[in-house]
Amino acid sequence: MSKKIYVGNLNYATTESTLRNIFSQYGTIVSAVIIKDRFTEQSKGFGFVEMADEQSAAAAIAALNGKEIDGRRVRVNEAEEKPARPRFNRDRDGGYAPRS
């Protein structure tokens, strides 16, 4: 079963291929994504790496958390699921109401 890893405090110049190269030392990479601003395409300074198995992910987390990548000391840990946010619509009076 694959495991998703959070990588924070990234240098804005760090690329997805850099993440792939670094994390591939610990196992098979399913995906590597750096989160970017949707308007400017500038990195937000964090990303996610998905590894093929949990043992590889645990080894990568243990080895890379606190290490320097592109001049920044990165935070590496298991990614947490983002809680679902309720979506809202404007009602007739201009207020917001939950979507049904």
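The values are calculated or read from the model by the stated rules, or taken from the named source; none is laboratory data. Predicted, not measured: the structure shown is a model, and the values here were computed from it. No Cβ is skipped: glycine too gets one built from the backbone with ideal geometry, and neighbour counts run over all protein chains shown. These area figures cover heavy atoms from the full protein model, side chains too; ligands, DNA and RNA do not enter into them. Shrake-Rupley method; radii C 1.70, N 1.55, O 1.52, S 1.80 Å.
Structure summary
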| item | result |
| --- | --- |
| Residues located in the stretch 20-29, provided they are within 15 Å of Tyr6 (Cα to Cα), outside any strand (DSSP E or B) and β-branched (Val, Ile, Thr) | Ile22 |
| Complete set of residues in the stretch 26-55 that are touching a residue at least 24 places away in the same chain (Cβ under 8 Å) and either over 22 Å from Arg73 (Cβ atoms) or open to solvent by 40 Å² or more (accessible area, probe 1.4 Å) (or both) | Tyr26, Gly27, Thr28, Val30, Gln42, Phe46, Phe48, Glu50, Ala52, Asp53, Glu54, Gln55 |
| Any hit, the stretch 85-93, residues being more than 15 Å from the chain's Cα centre (by Cα) and at pLDDT 95 or above | no |
| The stretch 3-30, residues that are in contact with a Ser or Thr (Cβ under 9 Å, 6 or more places away or on another chain) and small (Gly, Ala, Ser) | Ala13, Gly27 |
| The stretch 70-98 residues that are at negative phi and surrounded by fewer than 12 Cβ atoms within 10 Å (Cβ to Cβ), paired with ones that are modelled with pLDDT under 90 and small (Gly, Ala, Ser) (beta carbon under 9 Å, 6 or more apart) | Phe88/Ala97; Asn89/Ala97; Asn89/Ser100; Arg90/Ala97; Asp91/Ala97 |
| Every residue from the stretch 30-75 that is touching a Leu at 6+ places or on another chain (Cβ under 8 Å), of a type outside the set (D, E, K, R) and assigned to a strand (DSSP E or B) | Ala32, Ile34, Ser43, Gly45, Phe46, Gly47, Val49, Ile69 |
| Residues (open to solvent by 70 Å² or more (accessible area, probe 1.4 Å) and among the small types (Gly, Ala, Ser)) located in the stretch 1-16 | Ala13 |
